[in-house]
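Asker: Here it is, the structure in full.
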Amino acid sequence: METENNIENIRRKAIVEIKKRVEKNVGYLHPCNKDRLNDMKRLMFVSGCEFTGWMQQNGIMKNPTDVRRKDDDISAKSLGFENNSDRHKEYMHTTGRQLPLSDNKDCSSYFGTFTENLMIQTFEDPIKMPYGNPGFDWMCKKGDKIDNKSACLRYDIPFWEGWTFPIKWNNIAEWFVLSAWDNRESLKPLHVWVFHKNDIVRDKKFWRRDSISITNKTSHLKKLENYEYIDRLDKLKEICKR
């Protein structure tokens, strides 16, 4: 734990240093650049892909997906749309390829948006991010970035019953709020867990995983009781009743 905290501090201090190197020599960003490879080892990244992701998240290099998104948004605005997502939705709805979100209750996006709109009401003065914002869904009044995840109870007969939440190695959000529901018909909230991205869960930082599954058994739930927020669950139940 102490070693992980030390390397995080070293990495934070290295951000300005590496930005200056890139300004002086853009060739630093090439995967085979000697200085880049040395820094990757010094900062204890296990792969070039992980190092690239870290540099993109800290503004050292541009994320090509973000660049493409900005170009697409500029093109969409020139056609009178708010952004490219708005243009895409208009195309999908007009051609009949997809129902509007408000009409398609079986869609996972509908469920995610629906539960997010409920959960956000349990926070004081939240600042909601636009739909599709990368990494987090809203900011709390203290400025912390919060990623909302929700899942319905799954039955993988005959061996397993529980909930699975996608995390996708998200190092942008500072807090993850996980809400567990019974099903999409009655929409009864059963659990609310809150994790900081650096909480050590199952021997690694919470954010360092593609997904997390929680088994619906007392013995398994008890292991996560320190992360369960009963007060927030009660607030969520009250909102659902209304």
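The values are calculated or read from the model by the stated rules, or taken from the named source; none is laboratory data. Just so we're clear, the structure is a prediction, and the values are computed from it rather than from any experiment. With ideal geometry, Cβ positions are generated from the backbone for all residues, glycine too; neighbour counts draw on all protein chains shown.
Asker: Going by what's in this entry, would ASN170 be described as touching a Lys or Arg at 6+ places or on another chain (Cβ under 9 Å), not in a strand (DSSP E or B) and not basic (Lys, Arg)? Lay out the reasoning, then the answer.
Answerer: Working: touching a Lys or Arg at 6+ places or on another chain (Cβ under 9 Å): yes; not in a strand (DSSP E or B): yes; not basic (Lys, Arg): yes.
Criteria met by ASN170.
Asker: Among (1) within 22 Å of the chain's Cα centre (by Cα); (2) farther than 30 Å from VAL16 by Cβ; (3) modelled with pLDDT of 70 or more, which single condition is ASN58 missing?
Answerer: Unmet condition: (2).
Asker: In addition: Can you say whether ARG36 is modelled with pLDDT of 85 or more, buried (at least 16 other Cβ atoms within 10 Å of the Cβ) and not assigned by TED's automatic domain parsing to the domain that holds ASN170, as far as the supplied structure shows?
Answerer: Numbers: modelled with pLDDT of 85 or more: yes; buried (at least 16 other Cβ atoms within 10 Å of the Cβ): yes; not assigned by TED's automatic domain parsing to the domain that holds ASN170: yes.
Taking the combined requirement at face value, the residue satisfies it.
Asker: Quick one: in segment 201-229, which of the residues that are in contact (Cβ under 8 Å) with a residue 12 or more places away in the chain and assigned to a helix (DSSP H, G or I) is surrounded by the fewest Cβ atoms within 10 Å (Cβ to Cβ)?
Answerer: Of everything passing the filter in segment 201-229, HIS220 is surrounded by the fewest Cβ atoms within 10 Å (Cβ to Cβ).
Asker: Here is a further query. Can you confirm whether ASP156 is at pLDDT below 90 and more than 19 Å from LEU224 (Cβ to Cβ)?
Answerer: Spelling it out, ASP156 is indeed at pLDDT below 90 and more than 19 Å from LEU224 (Cβ to Cβ).
Asker: Here's a follow-up. Would it be correct to say that GLU185 is closer than 20 Å to THR113 by Cα, free of Cβ contacts under 8 Å to residues at least 24 places away in the same chain and not small (Gly, Ala, Ser)?
Answerer: On the way: closer than 20 Å to THR113 by Cα: yes; free of Cβ contacts under 8 Å to residues at least 24 places away in the same chain: yes; not small (Gly, Ala, Ser): yes.
Yes.
Asker: Here is a follow-up. Go through (1) surrounded by 11 or more Cβ atoms within 10 Å (Cβ to Cβ); (2) modelled with pLDDT under 70; (3) not in a loop (DSSP other than H, G, I, E, B) one by one and return the number of the condition LEU99 breaks.
Answerer: Failed condition: (3).
Asker: Continuing with this model, one more query. Say we look at segment 186-200 and pick out the residues that are out of contact with any Ser or Thr (no Cβ under 9 Å at 6 or more places or on another chain) and either over 13 Å from CYS240 (Cβ atoms) or among the small types (Gly, Ala, Ser) (or both); which of these is surrounded by the most Cβ atoms within 10 Å (Cβ to Cβ)?
Answerer: So in segment 186-200, the residues out of contact with any Ser or Thr (no Cβ under 9 Å at 6 or more places or on another chain) come out as 186, 188, 194-200.
From the residues that got through so far, the ones that are either over 13 Å from CYS240 (Cβ atoms) or among the small types (Gly, Ala, Ser) (or both) too are 186, 194-200.
Numbers: SER186: 8, VAL194: 15, PHE195: 22, HIS196: 16, LYS197: 18, ASN198: 16, ASP199: 15, ILE200: 12.
Ranking the qualifying residues of segment 186-200, first place goes to PHE195.
Asker: Also, quick follow-up: Would it be correct to say that ALA151 is among the aliphatic types (A, V, I, L, M) and in a loop (DSSP other than H, G, I, E, B)?
Answerer: no
Asker: Sticking with this structure for a sec: Quick one: what pairs do we get from segment 131-146, first residue within 16 Å of GLN121 (Cα to Cα) and β-branched (Val, Ile, Thr), second modelled with pLDDT of 90 or more and not in a strand (DSSP E or B), C-beta under 6 Å, 6+ apart or different chains?
Answerer: These pairs meet every condition: ILE146/PHE136.
Asker: A further question follows. Give the number of residues within segment 127-142 that are farther than 12 Å from ASN170 by Cβ and either touching a Lys or Arg at 6+ places or on another chain (Cβ under 8 Å) or not in a loop (DSSP other than H, G, I, E, B) (or both).
Answerer: Residues in segment 127-142 being farther than 12 Å from ASN170 by Cβ and either touching a Lys or Arg at 6+ places or on another chain (Cβ under 8 Å) or not in a loop (DSSP other than H, G, I, E, B) (or both): 4 in total.
Asker: Quick check on segment 186-216: of everything there that is more than 13 Å from the chain's Cα centre (by Cα) and basic (Lys, Arg), which residue is farthest from GLU8 (Cα to Cα)?
Answerer: So the residue we want is LYS188.
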